[in-house]
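The values are calculated or read from the model by the stated rules, or taken from the named source; none is laboratory data. None of the values given here were measured: they were computed from a predicted structure. Reconstructed Cβ throughout: ideal geometry from the backbone, glycine too, with neighbour counts over all protein chains shown.
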Protein chains: 2
Amino acid sequence: MAAASTAVDSASQQLQFAPFCSALEAGFWHQLTQRKLNEYRLDESPKSIKGYYYNGDPVGLPTRLTLEFSAFDVKGPTPARCCPAVGTLYNTNTFEAFKSCDKKALLEAAASEIWEAIKSEKSLEDPSVLCRFILLTFADLKKYRFFYWFCFPALCFSEGIRILQPPISLEERFSPTQIEALQGSYDELCQRSGTTAVPYFLVKYTEDTVQLAPLHSWRDFFKEQRKVTMGVYDPCTLSQHPGWPLRNLLILVACNLEYIPVLCFRDRTLQGTRSIQHSLLLQVQLPDWNWGLPKSVGWEKNQKGAMGPRMVNLSECMDPKRLAESSVDLNLKLMRWRLVPSLDLDKVVSTKCLLLGAGTLGCNVARTLMGWGVRHITFVDNAKISYSNPVRQPLYEFEDCLGGGKSKALAAVERLQKIFPGVKAEGHTLSIPMPGHPVNFSEATMAQARQDVEKLEALISTHDVVFLLMDTRESRWLPTVIAASQRKLIINAALGFDTFVVMRHGLKRPKGMESAASSPSSAEPSFPGSSLFSNIPGHRLGCYFCNDVVAPGDSTRDRTLDQQCTVSRPGLAMIAGALAVELMVSVLQHSEGGYAIASSSDDRMNEPPTSLGLVPHQIRGFLSRFDNVLPASLAFDKCTACSPIVLDHYEKDGFRFLSKVFNSSHSFLEDLTGLTLLHQETQAAEYPWNISVFSDNSWRLVYSFIEALA
Amino acid sequence: MAAASTAVDSASQQLQFAPFCSALEAGFWHQLTQRKLNEYRLDESPKSIKGYYYNGDPVGLPTRLTLEFSAFDVKGPTPARCCPAVGTLYNTNTFEAFKSCDKKALLEAAASEIWEAIKSEKSLEDPSVLCRFILLTFADLKKYRFFYWFCFPALCFSEGIRILQPPISLEERFSPTQIEALQGSYDELCQRSGTTAVPYFLVKYTEDTVQLAPLHSWRDFFKEQRKVTMGVYDPCTLSQHPGWPLRNLLILVACNLEYIPVLCFRDRTLQGTRSIQHSLLLQVQLPDWNWGLPKSVGWEKNQKGAMGPRMVNLSECMDPKRLAESSVDLNLKLMRWRLVPSLDLDKVVSTKCLLLGAGTLGCNVARTLMGWGVRHITFVDNAKISYSNPVRQPLYEFEDCLGGGKSKALAAVERLQKIFPGVKAEGHTLSIPMPGHPVNFSEATMAQARQDVEKLEALISTHDVVFLLMDTRESRWLPTVIAASQRKLIINAALGFDTFVVMRHGLKRPKGMESAASSPSSAEPSFPGSSLFSNIPGHRLGCYFCNDVVAPGDSTRDRTLDQQCTVSRPGLAMIAGALAVELMVSVLQHSEGGYAIASSSDDRMNEPPTSLGLVPHQIRGFLSRFDNVLPASLAFDKCTACSPIVLDHYEKDGFRFLSKVFNSSHSFLEDLTGLTLLHQETQAAEYPWNISVFSDNSWRLVYSFIEALA
């Protein structure tokens, strides 16, 4: 009230307007963040957004223009009894651009648009042009700080607007019947206009009647020569001042009239009863108008009352876990802005990964998956954490080793949750039955093995990609067979001392289509370990066992300590683990996924098949030479893991077949696949490749072969 | 006593011996672990070790043969009043070898050796051969479990030894004077023998005198035809039984005599008073002996009283932190067993590493250093942990982000200690002053910058290797200059989106020797970025800035979000971080260290210069092609960081020079080094290399150059 009496200075009797306060909800910033990351990226062009204002606030509240999460949906609904205000968002890429933006020019451009709409009488058809805004922003998405500056462009008369008499409230001037009639008429106008709030309207009244019309009825309405009152849906609650929406309306009026009564329509609900009594009535004298472009004002003052931008720091009020999630997304989405616009992140993020092995490789693979935003990570391991693990297995700490050591699978899950609470991680302490590791000691051990197999089958079926990250060769056999049967992509990583192999297993064609594929290929020779063929499609690529001409068996017995431990250069597992995930991601980006033709070292100079580059079959790395080679090899028709005869037996006989493999020496699988015969045939003859196989460290020896080719 | 009366069965009157109990102290196992790791490795050949036994135990204690940490020092001293026993250690590489070892053969071989010593009378000269042992072990160093089986080879008469009268104690037979004389004589014998305990001796006595002689005096001693008593230093405390050492002595005696009195010399201290009164006297009748190899016994029973090995699990009783330390060492030492016997681990482990940057790269570098056993790691970073960090920066967790985020440098230290309590980690929250980032706003900012420079200089001087792991180019300038001046090895790593560079900076010759080096080289052309030269020695290699023809400046201003964040494929930092450490380790293994000639891609087929392989200047990686190239380039005489003129100014003017660099635009350094002139000269001419420099992402563009060369 004090403010009002000062403002309506009886000497000057100048009309003053209560400016809008910008009210930006967190939801708006969240939406802006999302749009910036996913849609605008580096695009700085102006965007249409929509806010709204309400006119039923209790006394004391400032006049607010609210922007919430729905602001970006310009054609979307506006909350009931609110008027929409359409604005233009200028979101800059840099803080420097935000600061150096020419705000005067922005305002003048907007003002000029309003002026044109007034002159062309377009504003009569669409009065919303009278109530526009500009929002200039810079979103510092790393720190969740948003810098912004609002502008509500208002044309203004340099000499001001005179008030002919102090503003009075509706009830001072009108009878309750008239007020009631006005209220009814406004509701009717809204109904006709198909909205719940009409921002501007025309009023004619007698003692008994009140007649309201939309702005575009201007000419017809004035024809009758009766006195017309301009109606404005007024968000202001001050008793002596109208709100900002009236400003540009008066410019419109001034082009036609000198004097006009104004109804600042205010529509409160007081103690459960609707009340428009406190609406204001003004009599204003509009200045003589020369039809030139009026001056304009409108940039909002900041919290300190100075002309300047505001800043909101949402990091403090956001749920830290949500904050973590969006922060993690940020780095990923940034990739798409400039570097890899076609990157299909959803494909990566939604991939369910099963990690068999939570040791050196498993920990590094899990960490890289987290970096890629993969949410669904499941660990299988049967070991406990020992004292030597934490320095090489980056999910464990010293404390995890105490008291005999925590289960790796479970501790890994705990750690992932500590790193990123949004992860969906699971751990299973499970022993994977292995060829040459008999399980037929008793009924109980057989039952346990059967249960373990079933668990593994179920886990593989509910995941998209299976990572083989164990430290023995034979533990990879069962998941290789199951995943091959289920047509799941396998990514396999194995370490030597300073060499590694990271590979994707061949992905068999969907069931029922295998024969179509095998008939043309059956004419071609199929040798293990051959990399002489290029352009091998994914369904014809080999698995980890295809290069071996000996079946897996117990390799842990009778090994010296250096053979039992994974003795490798400490950097190796990080490199191999990272490459395993990067290989998976690249394969996922290929339209054919695991069926993609394998890239080879020779393809390095060619156009890559995915936005991320090559999709090799194998990456074989040699740390001593800081070198990688990319061999590709065909599936071997006598493979002890993925050959049709093995898969057939597994699919037909299930556990009965598997238990035979577990309980037998390796000759069982070699006999089954025909390897035994091959051995006999080639024993006398010179061996066609310089593979010195028949060792438990088969991978190491395959290298010497690859090296010879490289 | 009950046991004794049963044992000396009056019917059979057979003499029975109390066997040794093996007493293996933790120190012994610790030493075995060390020897196995550092010395024996895969060598399974028998080793001489030494135990001892004591004869002053109080009644009730079993007869122990003790092996402690000193067991491997066969020529070392034996504790006072203890007799040494030399044994043979058979430590197998595998548990299978331990189990399948032919224990009968081992025993028979040892027995036969004793028998030969008896027959040849070598045993008279060196009676210790009568008391030997065998120790068969398998050390499961991963789990700190030790399997072992002791054998105390004893020859035995198939018909046993008859006792002619029940054993009596010394005091039952001798007067106190005689006892005192015996004790004096024994001490004198010890003194003559230069020891504190003589295991076997000869005794002659009268009423007044006691005469003792060493075993080798046998013939002289018996000449007198007086009755001789065999003396044995007897560790047994049973009143009716002698201990094991007597057994083989009686075989020796039986070759010469049929009846003999035996003195089981026992030398206790009771309530502060020495007492030999309880020594035993036996009269034994030795069987008729046919001079054939006697039977032998001696394998120790296990705790269950059965013939079988024992197991000790030291993991439970060791200090967990010590356990963690030795476990970590284990994996490293295993490398030397078979794979890299010449690896100088101490050089790696003792290297003090300074990590400038504790972000994505810093975390991965620290983890790899821990894997290599590096103990001394210092972080410098001025940032706080933000929500997007933990999934990519493997030393941080969600909790570290709360409340504005912990300091990275300090949180990284905490995490290292949680991973491995034995680490000596330090963290410094420090801003590194940068060219083009003025510090001359006020006295205070200048003082702070001076302090920061001094801190950085002190840190670099107290470390051996400096890692540059920051996310801007210009922050690498100051440490490059300081480390070049201090002749410290710099390992530098920088990331692009899917490319990286890992390099060692050239290491300038020691001060005062630079000119000798530069005179021959000054004749050669020195171009930035050239890799056309091979065999570049370390002192002529370039630094990170040598490839650039523009000085570092403020690259963080006016950058869009994707330029501010390190947007890279998540696996990239793990690979680059791991390679940075592996490069350091390889360089440390080179006899010339940082002065080593740079290996290039072409050297991949040649004999590597170190046991770990190549020592390239740079590793430039291309993840999209899974490829690395190894360019080498010369130091650039106009380099803005490591050229003589920059180092001269730094060394002469110190902070005065540096502050000029911080406060000036990049033209200052370009003018100083002559780059400005070079620009002018080459501007019109065609640029000799296809480097599209002059960008804030200089490294990314250098790649395109390297790619063209590769």
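Only a single criterion out of (1) surrounded by fewer than 18 Cβ atoms within 10 Å (Cβ to Cβ); (2) more than 14 Å from chain A (Cβ to nearest Cβ) is not satisfied by B:Glu399, namely (2). Residues in the range A:319-339 that are surrounded by fewer than 19 Cβ atoms within 10 Å (Cβ to Cβ) and more than 8 Å from every other protein chain (Cβ to nearest Cβ) were compared, and the one that is farthest from the chain's Cα centre (by Cα) is A:Asp319.
In the range A:649-687, of all residues being of a type in the set (Asp, Glu) and at pLDDT 85 or above, the one that is nearest to the chain's Cα centre (by Cα) corresponds to A:Glu651.
Applying the set (1) assigned to a helix (DSSP H, G or I); (2) modelled with pLDDT of 90 or more; (3) of a type outside the set (S, T, N, Q) to B:Cys642 leaves exactly one unmet item: (1). For the range A:450-482, residues that are over 21 Å from A:Val581 (Cα atoms), buried (at least 22 other Cβ atoms within 10 Å of the Cβ) and either among the small types (Gly, Ala, Ser) or not assigned by TED's automatic domain parsing to the domain that holds A:Asn547 (or both) total 0.
Residues of the range B:617-637 that are closer than 18 Å to B:Leu583 by Cα, more than 7 Å from chain A (Cβ to nearest Cβ) and either of a type outside the set (Lys, Arg) or in contact with a Lys or Arg (Cβ under 8 Å, 6 or more places away or on another chain) (or both): B:His617, B:Gln618, B:Gly621, B:Phe622, B:Val629, B:Pro631, B:Ala632, B:Ser633.
In the list A:Val413, A:Val391, A:Val380, which residue meets the criterion of being within 34 Å of the chain's Cα centre (by Cα) and within 7 Å of chain B (Cβ to nearest Cβ)?
Of the residues listed, the single one that is within 34 Å of the chain's Cα centre (by Cα) and within 7 Å of chain B (Cβ to nearest Cβ) is A:Val391.
In the range A:627-651, of all residues being acidic (Asp, Glu) and farther than 17 Å from A:Glu670 by Cβ, the one that is surrounded by the fewest Cβ atoms within 10 Å (Cβ to Cβ) corresponds to A:Glu651.
Residues in the range B:371-399 that are of a type in the set (Asp, Glu), modelled with pLDDT of 95 or more and more than 17 Å from B:Ala580 (Cβ to Cβ): B:Glu397 only.
Just to be sure, is A:Ala85 without any contact (Cβ under 8 Å) to a residue 40 or more places away in the chain and over 30 Å from A:Ala324 (Cβ atoms)? No, not satisfied.
Return the total of residues in the range B:564-603 being among the hydroxyl-bearing types (Ser, Thr, Tyr) and in a loop (DSSP other than H, G, I, E, B). Write out each step before concluding.
Applying the first criterion (among the hydroxyl-bearing types (Ser, Thr, Tyr)) to the range B:564-603 yields B:566, B:568, B:586, B:591, B:595, B:599-601.
After this cut, where a residue has to be in a loop (DSSP other than H, G, I, E, B) as well, the list is B:566, B:568, B:591, B:600.
Matching residues across the range B:564-603 total 4.
From B:Ser611, B:Ser591, which residue is within 14 Å of chain A (Cβ to nearest Cβ) and among the polar types (S, T, N, Q)? Step through it out loud before you land on a result.
Details: B:Ser591 fails: within 14 Å of chain A (Cβ to nearest Cβ).
Unique residue meeting the criteria: B:Ser611.
Residue check: is B:Glu188 more than 26 Å from B:Leu65 (Cα to Cα) and free of Cβ contacts under 8 Å to residues at least 40 places away in the same chain? Quick ask: steps written out before the conclusion?
Numbers: more than 26 Å from B:Leu65 (Cα to Cα): no; free of Cβ contacts under 8 Å to residues at least 40 places away in the same chain: yes.
The answer is no for B:Glu188.
Exactly one residue among A:Ser279, A:Ser342 is within 14 Å of chain B (Cβ to nearest Cβ) and out of contact with any Gly (no Cβ under 8 Å at 6 or more places or on another chain), and that residue is A:Ser342. For the range A:526-534, indicate whether the set of residues that are modelled with pLDDT of 90 or more, within 24 Å of A:Val585 (Cα to Cα) and under 38 Å from the mean Cα position of the chain (by Cα) is non-empty. No, there is no match, as no residue in the range A:526-534 is modelled with pLDDT of 90 or more, within 24 Å of A:Val585 (Cα to Cα) and under 38 Å from the mean Cα position of the chain (by Cα). The lone criterion from (1) under 17 Å from B:Leu583 (Cβ atoms); (2) over 30 Å from the mean Cα position of the chain (by Cα) left unmet by B:Arg509 is number (1).
Checked against (1) more than 9 Å from chain A (Cβ to nearest Cβ); (2) assigned to a helix (DSSP H, G or I); (3) surrounded by 16 or more Cβ atoms within 10 Å (Cβ to Cβ), B:Thr445 passes all but a single condition, namely (3).
Among residues of the range B:476-505 that are away from chain A (no Cβ under 12 Å), those with a Cβ under 6 angstrom from a residue that is of a type in the set (Phe, Trp, Tyr) and part of a strand (DSSP E or B), sequence gap 6+ or separate chain, pair up as B:Ile491/B:Phe467.
Let's see how each residue does on (1) within 27 Å of A:Val203 (Cα to Cα); (2) outside the structural domain of A:Pro127 (by TED's automatic domain parsing):
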| residue | (1), (2) |
| --- | --- |
| A:Tyr233 | yes, yes |
| A:Leu238 | yes, yes |
| A:Gly308 | no, no |
| A:Leu330 | no, yes |
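Of the numbered criteria (1) crowded, with 16+ Cβ neighbours inside 10 Å; (2) in contact with a Leu (Cβ under 9 Å, 6 or more places away or on another chain), the one A:Lys347 fails is (1). Applying the criterion of at least 3 residues that are buried (at least 21 other Cβ atoms within 10 Å of the Cβ) to the strands (runs of 3 or more DSSP E) found wholly in the range A:148-244 leaves A:200-205, A:229-233.
Within the range B:619-636, residues that are assigned by TED's automatic domain parsing to the domain that holds B:Gly542 reach partners that are in a loop (DSSP other than H, G, I, E, B) and among the β-branched types (Val, Ile, Thr) with beta carbons closer than 9 Å, at six or more positions or on different chains, in the pairs B:Ala632/B:Ile536; B:Ala632/B:Ile597; B:Ser633/B:Ile536; B:Leu634/B:Ile536; B:Ala635/B:Ile536; B:Phe636/B:Val549. If the condition is being of a type in the set (A, V, I, L, M, F, W, C), modelled with pLDDT under 90 and within 23 Å of B:Val59 (Cβ to Cβ), then the range B:145-167 contributes only B:Ile163. Taking strands (runs of 3 or more DSSP E) as the structural unit, those lying wholly within the range B:34-119 and holding at least 3 residues that are under 23 Å from B:Gly194 (Cβ atoms) and touching a Gly at 6+ places or on another chain (Cβ under 9 Å) correspond to B:47-54, B:82-92. Annotation: of all residues in the range A:601-626 being buried (at least 21 other Cβ atoms within 10 Å of the Cβ) and more than 30 Å from B:Thr610 (Cα to Cα), the one that is nearest to the chain's Cα centre (by Cα) is A:Leu612.
For the range A:105-113, does any single residue satisfy the condition of being modelled with pLDDT of 90 or more and loosely packed, with under 13 Cβ neighbours inside 10 Å? Steps first, answer last, please.
Step one: of the range A:105-113, the residues modelled with pLDDT of 90 or more are A:105-113.
Cutting the leftovers down to loosely packed, with under 13 Cβ neighbours inside 10 Å gives us A:105.
The answer is yes; a qualifying residue exists.
Out of the residues in the range A:248-277 that are assigned to a strand (DSSP E or B) and more than 20 Å from A:Cys83 (Cα to Cα), which is modelled with the lowest pLDDT?
Kept after step one, since they are assigned to a strand (DSSP E or B), are these residues of the range A:248-277: A:259-265, A:268-270, A:273-275.
With the extra rule that they be more than 20 Å from A:Cys83 (Cα to Cα), the set shrinks to A:259-261, A:270, A:273.
Working: A:Tyr259: 79, A:Ile260: 84, A:Pro261: 88, A:Leu270: 72, A:Thr273: 79.
Top of the filtered list is A:Leu270.
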